[in-house]
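Since the structure comes first, as C-alpha cells, the remarks are kept for the end.
The values are calculated or read from the model by the stated rules, or taken from the named source; none is laboratory data. Note that the structure is a prediction, hence the values are computed from the model and not measured. We place every Cβ from the backbone using ideal geometry, glycine too, and count neighbours over all the protein chains shown. For the accessible areas, the whole protein counts, side chains as well, though only heavy atoms, and no ligand, DNA or RNA atoms are used. Shrake-Rupley method; radii C 1.70, N 1.55, O 1.52, S 1.80 Å.
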Amino acid sequence: MRAWRRAERPPLIDVGHPPAGEVWTVERAGHRPDGDDPRGLRQLLETGAGHLDVAAAAFGEQGRLAAVQARALAAFAACRPAAAMDRPDDEAGAAAAASRAARPAVLTEVSEWAVDEVMARLTLSAQAAARLLEQSVILVELLPATLDACQAGVISWTHAVMLTEVLPVLTDPAVRAAVEARLLARAADKTVPQLRAAARRAVLKADPNAALRRAARAIGDRQVQTHPGRDGVGSLTATGLSTPVLAACYRALQAYAAASRTPDDPRTQDQRMTDCLVDLILRPDANHPPVQIALTLIAGVNTMSGGDDPGELDGHPIPAAMVRALAAALGLLPRTPPPPAEPATTEPATTEPATTEPATTEPATTEPATTEPATTEAATTEPATTEPTATEATAEPAARAALAELLDLRAVTGTALAHLPALAVVDELTGQLLALTTAAGLRTGQALDPPGPTPGYAPATALQKFVRARDRRCRFPGCRTPAIRCDLDHNQPWPLGPTSADNLCCLCRHHHRLSHQAPGWRMQRRPDGGLQWTTPGGHTITTHPQPYGTDDLPPPPPAQPPRPGLTLRERVLGRPPTPAHHTDDPAPF
C-alpha cells in the first residue's frame, strides 16, 4: 500500500501534471497527507482520472483513424487490379506459381505490386504491409459491420483485426453477417481474448466444418521461420503442424533430453530439449551425406582480436564474444582459456554450442580505412585491464597470431572456410565499401579499387562479390533480403549500360521484377550511388547501402569531388610524395 503527500523537495516519482503545477511523490503506507487532510489524495485521484479520460479518448480516436485508413487502403487496392497491371500467368516474367499460391485469398485480384507501394509509402516491412492491406480489404468487403463498429468506437482496432482472422472462414455471406452481428452486439465490454473465444464458438456452431477448413489451410501454410532477437540470440519456429504431430515431436524431444542427462548436468529440461533439437538437425546422418551450409561472418580486425565491436552473421548483429566463439568452434581462432581463478569452469553452452559445427563459412573481416587500411594497430591495442593476468597476457598474442595466420591464408583446404577471407576497405566517414582485397593486396598496395567492368552481361566473380558485399541487402526501400539471395540488376539495362559496380545493385527477385514490370514505378541511380525510387503516386525514396560498422542508415554526405588526378587507390593509401615534398617519415602503413 502507498499514500501520497505534497512534495517539498525534488520529486522521487513524477506522476504527470498535478493541479497548479504541484508535484507529488510516492511514499510507503503509514504516512497520511499533510494535516490528515484527504484533500490532496482526492485531488490526485481526480487528476489521474482526468489523464486516463484523455488516454481513453485518444484510444478511441486511434480506432476511428484506423478505420479511415482501412477504407482508404481498400479503395487503393481497388485501383490496382491485377488484370490490368500484372503479367498473365503464362507469360515470361510472371510471378512464380508458389508466389501466387502464397498470396492471401482476398488479394488475388489485386496487383502483386500493390503491397510494395504500401510498403514504401507507409515505411512498413513487406509482411506488415501485406497484412495491413489484407485486413483492410477483408473489413471493407467481408466484415463491413465490424469496420463501422471500430469507427464508431464500439470496439478497438485490435478487436477488429482479431475478427478478420476468425470470421472469414465462414464462406456463406449471410451466415457470416449473422455471426458478425451477434458478436458485435455483445463486444463492447469484452477483451480481445474474450471476444476471440466467443467468435470461435460462434463459428463452430454456425459451420461445424469451418474448423476442418481452417486446419487444412493452416497445414497448407506450414513453414519454418527464424526470428532474430537481441544480443545475437533468436528463435526457430515451425508452424502448421497438426496437433498429433506437434505432441509427438514434443514428447520425442522430452525423451531425448531425459536420455542425455548426466549426474553433473547443470542444464534445465528446457535447455536440454533445445540442445537436442539443434543436435538432431545438425548431426550427420549415416544414411545421407553431410549437409554443407554457408554462413557469412563479418567482423572487424579489432573484434576478432579481442575488441568489443559487434559482428554480423548472415545480416544479423551478434556480440563480439559470440563472433570469437564461432570462430573458435570452426577452428579459425584459438579457444580462450578459462581465467586462472576458475580453472574448472566450462564455457557456457550459449557461447560455444557443441552441436553447431557448420561445414563451411565465409568470414569477411572489415576495418574502416583512411590512409591505413587494415592497420595492425587495432590488433595491438592494449586490453582494458591495466594489469592483465598471466593467462590474458598469453592468450592475446596467441589470438593476434592466429588472426594474422587466418588473414594470410593461401588455400582453404583443411579449414572450415568455403572461400579465403576478404578484407573490406571502408570509407571511415560514410562506412561505404571501397574495395575488397586480401592481406597480400594490402601489403603490396594492389587490388584496392573496385573490380573493373565485365565485358559481357554476367558479372565476373570478383565483381559479384564486391557488389554483394557493398549492398549487403536488397536495395528496395525497407526490404531486408540478404544480398546472397538477390539478383544483380543492371540499373541501366545491358548493353546500353555496362556490367560494372556503378551500374549494378542487389535486388531480390520480386523487386527486380518490380523495377522492370510494375506500372508507374521508376528507379534511377544517383551520382552518390544511391538508388532513387519513385512510386506511382510520385513519392520518392532514396536507399543507400547499409554502412559498415553501424546499423544506422543515415544518408551519406554529399559526394565531394576528389582533388584533380586523385584516384581511389590514392584516396585509400595516400598520394605518393613528390620530390618537392620528400620527408624522412615512414609510410603510414
Among the residues of region 413-434 satisfying the criterion of being open to solvent by 10 Å² or more (accessible area, probe 1.4 Å), touching a residue at least 60 places away in the same chain (Cβ under 8 Å) and in a loop (DSSP other than H, G, I, E, B), which is nearest to A294 (Cα to Cα)?
A418
Quick check on A82: is it at pLDDT 90 or above and in contact with a strand residue (DSSP E or B) (Cβ under 7 Å, 6 or more places away or on another chain)?
yes
Would you mind telling me which numbered condition in (1) surrounded by 15 or more Cβ atoms within 10 Å (Cβ to Cβ); (2) modelled with pLDDT of 80 or more D270 fails?
(1)
Say whether the condition of being of a type in the set (K, R), closer than 22 Å to G456 by Cα and either at pLDDT below 70 or open to solvent by less than 60 Å² (accessible area, probe 1.4 Å) (or both) is met by at least one residue in region 504-520.
yes
Matching residues, region 199-215, being open to solvent by 20 Å² or more (accessible area, probe 1.4 Å) and assigned to a helix (DSSP H, G or I):
R200, R201, L204, K205, A206, A211, L212, R213, R214, A215
Residue list for region 493-520, restricted to those being over 13 Å from D86 (Cα atoms) and either more than 25 Å from the chain's Cα centre (by Cα) or part of a loop (DSSP other than H, G, I, E, B) (or both)
P493, W494, P495, L496, G497, P498, T499, S500, A501, D502, N503, C508
Could you give me the residue pairs with C-beta distances under 7 Å whose first residue belongs to region 465-490 and is under 15 Å from L313 (Cα atoms) and of a type in the set (A, V, I, L, M, F, W, C), whose second residue is part of a strand (DSSP E or B) and open to solvent by less than 20 Å² (accessible area, probe 1.4 Å) wherever it lies, and which are 6+ apart or on separate chains?
A469/A424; A469/L433; A483/C506
Restricting to region 292-334, count the residues that are assigned to a strand (DSSP E or B) and either of a type in the set (A, V, I, L, M) or open to solvent by 20 Å² or more (accessible area, probe 1.4 Å) (or both).
9
Counting only residues in region 443-468 that are open to solvent by 20 Å² or more (accessible area, probe 1.4 Å) and aliphatic (A, V, I, L, M), the one farthest from C486 (Cα to Cα) is identified as A447
Could you check A440 against (1) small (G, A, S); (2) modelled with pLDDT of 90 or more; (3) open to solvent by 30 Å² or more (accessible area, probe 1.4 Å) and say which number it fails?
(2)
Condition (residue is among the acidic types (D, E), more than 25 Å from A98 (Cα to Cα) and open to solvent by less than 70 Å² (accessible area, probe 1.4 Å)) applied to region 222-235: is it met by at least one residue?
no
Which residue pairs have Cβ atoms closer than 8 Å, lie 6 or more positions apart in sequence or on different chains, and pair a first residue in region 84-109 that is acidic (D, E) with a second residue that is open to solvent by 80 Å² or more (accessible area, probe 1.4 Å) and at pLDDT 85 or above?
E109/A83
Residue list for region 86-125, restricted to those being among the small types (G, A, S) and crowded, with 20+ Cβ neighbours inside 10 Å:
S111, A114, A120
Test: residue in region 169-185 that is at positive phi and open to solvent by 50 Å² or more (accessible area, probe 1.4 Å)
no
Answer with yes or no whether G565 is in a loop (DSSP other than H, G, I, E, B), at pLDDT 90 or above and out of contact with any Gly (no Cβ under 7 Å at 6 or more places or on another chain).
no
